[in-house]
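J.: Below you will find the structure I want to go over with you.
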Amino acid sequence: MEKKLLTGLRVLDLTEGPSGEYAIKLLAKSGASVTKVQSIKPFIQEESLKIIEVSTELEAKRAIETLFKQVWDIVLWTSHFDLDEWVKNRCQKLGLSGVKIQVPKGVDLQEEEASLQALGGWMELTGDPLGKPLLIGGHPATCLVGVHAATAGLLVSIESSWNGKGKFVEVDALTVMVSALEGAFSTFLSTGETRGRVGNRHYRLAPMALLPAKDGYALVAAPVDEKWELVRRWAELSDRPAWKTNQGRLESCFDLEENLSAWTTTLPKEELFQAGQQFRLPFAKVQTPGELLQCPQLAFREAWTNSLEGTPCLALPWKVKQENEQYKRRNSVSKWSDLRILDLTGMWSGPYCTRIFADLGVEVIKIEAPHRPDGIRMNQGSAAPFFRELNRNKLGVTLDFRLEHDRKRFLELVATSDILVENFSPRVMQNFGFTSEELWKLHSGLTIVSLSAFGQTGPYRDFVGYGPTLEAMSGIAALTGVDAPCLPGFSISDINAGIHGAFVLAAGLFFQSKNGRGLHIDVSQYETALQFIEQGILFQKKNKTSAPVREIAELYKEKRISTLSIPGGEPTLGVPWHSDGWDVPTQPPPELGQHNEFIFNLIKDGKGDGCEVPFSRSLG
């Protein structure tokens, strides 16, 4: 099913370099018909990918001119391309939708991955504070740029199907890089504070670090105080006053990790991983590329497949299930504000996915538990810089699913919405009775996106994870370290899962517009993280760059990063692309439960169905 979502989508690919190649991989694997004009043999080979080889600029121009006589839904190219401006002008003249990947000037095609990491602030945050900045292993930078470009292409294609007009979108690779820095840029805009390298641990949570095990390395993670108490007792450590709070554990992290290491070195990494997960702790084992090819979770979900040439390659990082009953919407969709998303997500990956659509004008209702608000609020309400970045342009309600009254209210919201996005472990929705089958009984056209750590199926399905969990499990840490595995300086897998979720949600909307059936899209964040390192696993490619290593303050001074002014605070990081007609709303993020009365009164009065009464963007 996942290979058919984009059947009928026609893509002309003029990209050069790994970021464009990853965009085309996603589109082609999802069923789009892609014609590629290129002089360099592409990394991917798909049945729906047609290659037109050219050797000179003149040959390329003639081939493209001929191809422009056909009908295309998306034309994709990069700023590396010599015919950049000519292609843009031709697209605009012909009314075609074009997506251009803009990489910083001077970035060499062969050094695109490493140069983006250096220029985008990644290296400055990764590695030992007393050592040299490190490149993150694999190809995470170009992968992130590529999936943003593919997502932008789907969004303009969907919009074009509504209004019959082509649109040009420029994806800014540098803003994509800064978007991955776990709120560092928005925090700098708000407070002037910068972050540096913190070594092999998370910068804000303790313990959350890679520690030596009996046979390798494991991630030991206890992100909240009650989880730390479980770990402390398990490791038989003393109950020190300095370790009772996260701040205290951060300030004494070296001593804490030394004591924990004396315990972890006595246990195999598999035992630490499995036992920790039984306690609902986001523990992980650091896996090498060879171990990934043998992972039981990946085998169960058939994450590894074979290319047309017979070599191992990754399948798409999601599974798709379709509702049998066809749904006829009461009112047609002709603009983004006609759509309504219920956002049950927290932290980073899910909120980034839904914010992509909120910034377009989609009505996104953020649902939080009154007793457990989104952790990104960091006890600052809606004023936390990273919360403002991820949750602007959303409405906010609170529901306690332990209460029958609130579960009923939630189902009333489901009946009036188009999309539901959640990032719980699979057992949570099931325990509340909110399976896709039950939700489809209320609304057969509902699209459900589940962004769980390991997916809805397999032996690891109920395991939990933070970004570092997935970076250890997926091989990113193993490929990043020099003498030992090393975590990136920010949770890079989170934004990756979020933007992949946005891509497949857009693909689901494209598919649903043709057949009207509800979908359940099961995204595995583990498998999305694997996309970062596929080429590194199969070809052992090493990245290098001559580009300077930049830090946040330098990027700010250069005024090259997109920002957005939002009432109630300092500017925040903006959107990763630019397009005429995509005017980003600037509504501040909601306080906890801010719009309860308005939204529930709409539902009570029967005015919230079928998008007949769009929720006001000017609510106080």
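The values are calculated or read from the model by the stated rules, or taken from the named source; none is laboratory data. Keep in mind that what you see is a predicted model, and the values were worked out from it rather than measured. Cβ placement follows ideal geometry from the backbone for every residue including glycine, while neighbour counts extend to all protein chains displayed. Accessible surface areas use protein heavy atoms only, side chains included; no ligands, DNA or RNA. Shrake-Rupley method; radii C 1.70, N 1.55, O 1.52, S 1.80 Å.
J.: Which three lengths, in whole Å and largest first, does the stretch 396-449 cover when its Cα atoms are put on their principal axes?
T.: Computed over the stretch 396-449, the largest-to-smallest principal extents equal 26, 23, 21 Å.
J.: Charges only on Cβ, +1 for Lys and Arg, -1 for Asp and Glu: so what's the dipole of the stretch 208-285 about the Cα centre, in debye to the nearest 20?
T.: 160
J.: Still on this model: With 19 Å as the limit, write out which pairs from LYS321/LYS514; LYS61/LYS93; LYS88/LYS335; LYS366/LYS408 have Cα-Cα distances beyond it, or answer none. Provide the component values of the computation, followed by the final result.
T.: On the way: LYS321/LYS514 16 Å; LYS61/LYS93 16 Å; LYS88/LYS335 25 Å; LYS366/LYS408 17 Å.
With Cα atoms farther than 19 Å apart: LYS88/LYS335.
J.: Right, here's the next one. Taking only protein heavy atoms and a 1.4 Å probe, what accessible area per residue, in Å², does the stretch 208-285 have with all protein chains in place?
T.: Dividing the accessible area of the stretch 208-285 by its residue count gives 46 Å².
J.: Sticking with this structure for a sec: Taking a point 7 angstrom from the Cα of ARG427 along the C-beta vector, which residues in the stretch 447-464 have backbone N less than 18 Å away?
T.: So the set is 451-464.
J.: Can I ask one more? Find the relative contact order for the stretch 208-285 and round it to a whole percent, using C-alpha pairs within less than 8 Å whose residues are 6+ positions apart.
T.: Here the relative contact order equals 43 percent.
J.: Is the stretch 208-285 rounded, prolate or oblate when judged by the Cα gyration tensor, a ≥ b ≥ c being the square roots of its eigenvalues, rounded requiring a/c under 1.5 and prolate requiring a/b larger than b/c?
T.: Judged from the Cα gyration tensor, the stretch 208-285 comes out prolate (a/c at least 1.5, a/b above b/c).
J.: Once the other residues with Cβ under 15 Å from the Cβ of ILE552 are scored (Lys, Arg +1; Asp, Glu -1), what is the net sum?
T.: Computed value for this residue: -2.
J.: Sticking with this structure for a sec: Could you tell me which of the pairs LYS36/LYS100; LYS132/LYS227; LYS319/LYS441; LYS36/LYS559 are separated by over 23 angstrom between their Cα atoms in the structure shown?
T.: LYS132/LYS227; LYS36/LYS559
J.: Oh, and also: Among ILE599, GLY106, HIS80, which residue has its Cα positioned farthest towards the positive end of the charge dipole of the chain, with +1 placed on the Cβ of Lys and Arg, -1 on the Cβ of Asp and Glu, and the dipole taken about the Cα centre?
T.: Looking along the dipole axis, the top candidate is ILE599.
J.: How large is Rg/Rh for the stretch 425-523, to two decimals, with Cα atoms and a Kirkwood Rh?
T.: With Rg and the Kirkwood Rh in hand, the quotient comes to 1.08.
J.: While we're on this one: Per residue and in cubic angstrom, what volume does the convex hull of the Cα atoms of the stretch 10-194 have?
T.: Details: hull volume 24.8 nm³, N = 185.
Per-residue hull volume (Cα only) is 134 Å³.
J.: Name the residue from PHE424, ALA383, ASN393 whose Cα lies farthest towards the positive end of the charge dipole of the stretch 354-436, charges +1 on Cβ of Lys and Arg and -1 on Cβ of Asp and Glu.
T.: ALA383
J.: Of the listed values (1) 37; (2) 44; (3) 19, grab the one calculated as percent of Cα pairs over 42 Å apart from the structure here.
T.: Computed from these coordinates, percent of Cα pairs over 42 Å apart corresponds to label (3).
J.: Something else: Restricting to DSSP H runs of at least four residues, report the calculated mean residue ellipticity at 222 nm for the chain, -39500 (n - 2.57) per run over all residues, nearest 500 deg cm²/dmol. Numbers along the way, then the final one.
T.: Working: 26 runs with 238 residues, N = 620.
Result for the chain: -11000 deg cm²/dmol, rounded to the nearest 500.
J.: Separate question: How large is the dipole of the stretch 429-556 about the Cα centre if only Lys and Arg carry +1 and Asp and Glu carry -1, each at its Cβ, rounded to the nearest 20 debye?
T.: It comes to approximately 380 debye.
J.: Can you tell which of LEU509, VAL464, PHE454 lies farthest toward the positive end of the dipole of the chain, using +1 and -1 charges on the Cβ of basic and acidic side chains (Lys, Arg; Asp, Glu)?
T.: LEU509
J.: According to a simple spin-label model (label point 7 Å from Cα along Cα-to-Cβ), what is the distance in nm between ASP580 and LYS105?
T.: Reported label-point gap for LYS105 and ASP580 is 2.3 nm.
J.: OK, next. Looking at the stretch 271-361, which GluC sites (Glu not before Pro) are in a loop (DSSP not H, G, I, E or B) and have at most 13 other Cβ atoms within 10 Å? Spell out each step's value before the answer.
T.: Values: sites: GLU271, GLU291, GLU302, GLU309, GLU323, GLU325; in loops: GLU302, GLU309.
Here the GluC sites (Glu not before Pro) that fit, given the DSSP loop and packing criteria, are GLU302, GLU309.
J.: If each residue of separation counts as 0.36 nm, what is the full-extension length gain between ARG10 and GLU591 once their alpha-carbon separation is subtracted? Write out the running numbers ahead of the final one.
T.: Values: separation 581, 0.36 × 581 = 209.16 nm, distance 4.25 nm.
This chain segment gains 204.9 nm when fully extended.
J.: So, one more: Label VAL54 and ALA415 with points 7 Å out from Cα along Cα→Cβ: what is the distance between them in nm?
T.: It works out to 5.6 nm between the two label points.
J.: Here's another thing I want to ask about it. Between LYS214 and GLN278, what length in nm is gained on full extension when 0.36 nm per residue of separation is reduced by their alpha carbon distance? Display every interim value, and only then the final one.
T.: Values: separation 64, 0.36 × 64 = 23.04 nm, distance 1.98 nm.
So the chain would gain 21.1 nm between LYS214 and GLN278.
J.: Take the Cβ-Cβ distance between SER337 and LYS69 as r, set R0 to 41 Å, and report the resulting FRET efficiency rounded to the nearest 0.05.
T.: According to the calculation, E is roughly 0.70.
J.: Applying 1/(1 + (r/R0)^6) with R0 = 22 Å to the Cβ-Cβ distance of LEU230 and THR457, what FRET efficiency is obtained, to the nearest 0.05?
T.: The pair LEU230/THR457 has a calculated efficiency of 0.20.
J.: I'd like the FRET efficiency for MET1 and SER238, computed as 1/(1 + (r/R0)^6) with the beta carbon distance as r and R0 of 60 Å, rounded to 0.05.
T.: On the way: r = 53 Å, r/R0 = 0.89.
Efficiency computed from Cβ-Cβ geometry: 0.65.
J.: Okay, next question. Please list the non-local residues whose amide H lies under 5 Å from the amide H of TRP577, H modeled 1.01 Å from N, same-chain partners needing a gap of 5 or more.
T.: Hits under the 5 Å cutoff: ASP172.
J.: For the stretch 45-121 and the stretch 278-297, what is the separation of their C-alpha centers, rounded to whole Å?
T.: For the stretch 45-121 versus the stretch 278-297, the Cα centre distance is 38 Å.
J.: Assuming 0.36 nm per residue, please report the length gained on full extension of the stretch THR311 to GLU325 beyond their Cα-Cα distance.
T.: That pair, THR311 and GLU325, stretches by 1.2 nm at full extension.
J.: Treating only the Cβ atoms of Lys and Arg (+1) and Asp and Glu (-1) as charged, compute the dipole magnitude of the stretch 334-415 about its Cα centre; round to the nearest 20 debye.
T.: 80
J.: Next up: How big is the antiparallel share of DSSP beta bridges in the chain, given as a percent to the nearest 5?
T.: Within the chain, antiparallel bridges account for around 35 percent of the total.
J.: Okay, moving on. Can you list the DSSP H helices in the chain whose Cα atoms extend at least 27 Å along the helix axis and whose mean Kyte-Doolittle hydropathy is 1.0 or higher? Don't skip to the answer; put the middle values down first.
T.: Working: long enough: 140-163 (35 Å, 0.87); 492-515 (35 Å, 0.71).
The qualifying helices: there are none.
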